[in-house]
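The values are calculated or read from the model by the stated rules, or taken from the named source; none is laboratory data. A quick note: this is a predicted structure, and the numbers were derived from the prediction, not measured. Ideal geometry is used to build each Cβ from the backbone, glycine not excepted, and the neighbour counts take in all protein chains shown. For the accessible areas, the whole protein counts, side chains as well, though only heavy atoms, and no ligand, DNA or RNA atoms are used. Shrake-Rupley method; radii C 1.70, N 1.55, O 1.52, S 1.80 Å.
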Amino acid sequence: MNLKIALSCVVAAMMVALASASETLYVACDDPNASDEAVEGRGTEALPYATIQAAVAAAQEDWTVLVKPGVYTNGTAKSPSSSNPYQSNRVMIDKRIRLESTDGAAKTEIRGCWKPGGTYGSGAIRAVYIAATAEGTVVKGFTIADSATQNDMASHDHGG
């Protein structure tokens, strides 16, 4: 009987260790303490990231990035796209994470950018790009808006 209790304790300890291995990072574009500067405590609710991209880059596989209400129009990353390696994205996710707004799509927007003149092409920014390496990623609770790419709209590398 003591062996069963000991084994149960070991299994419980392992489950706690696995649960604590996942982390949560915070983003809040309107918070006066928000920044993308790498300082101790960055990504906590008290010291959130200013851009979603900075938090995504800092996150490890299976972490959660919680995004406070606001319109996110800053921060870009390049796509690993073979057709256009210079494609700009407001948020580029290349690993499995959970990206979620805290207050839903009505209050949290990721906004890309059309090329000047309102079309695709040089200067356009896609709102969100999820790479094939990020299989299982969850993006939840956002309005995705004004998204375009540098490629023509007949390509698969467009939109948000």
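Looking at residue 121, is it of a type outside the set (Asp, Glu), on the phi > 0 side of the Ramachandran plot and at pLDDT 80 or above? No: the conditions fail for residue 121.
Considering only residues in the stretch 125-144 that are in a loop (DSSP other than H, G, I, E, B) and open to solvent by less than 50 Å² (accessible area, probe 1.4 Å), the one that is modelled with the lowest pLDDT turns out to be 131.
Looking only at the stretch 106-117, how many residues end up being part of a loop (DSSP other than H, G, I, E, B) and more than 15 Å from the chain's Cα centre (by Cα)?
So the count comes out to 5.
Residue 54 meets each of the listed conditions (1) outside any loop (DSSP other than H, G, I, E, B); (2) over 14 Å from residue 26 (Cα atoms) apart from (2). Residues in the stretch 109-124 that are of a type in the set (S, T, N, Q) and open to solvent by 70 Å² or more (accessible area, probe 1.4 Å): 122 only.
Selection over the stretch 36-75 of residues that are in contact with a Ser or Thr (Cβ under 7 Å, 6 or more places away or on another chain), modelled with pLDDT under 95 and either surrounded by fewer than 17 Cβ atoms within 10 Å (Cβ to Cβ) or farther than 24 Å from residue 124 by Cα (or both) gives a count of 1.
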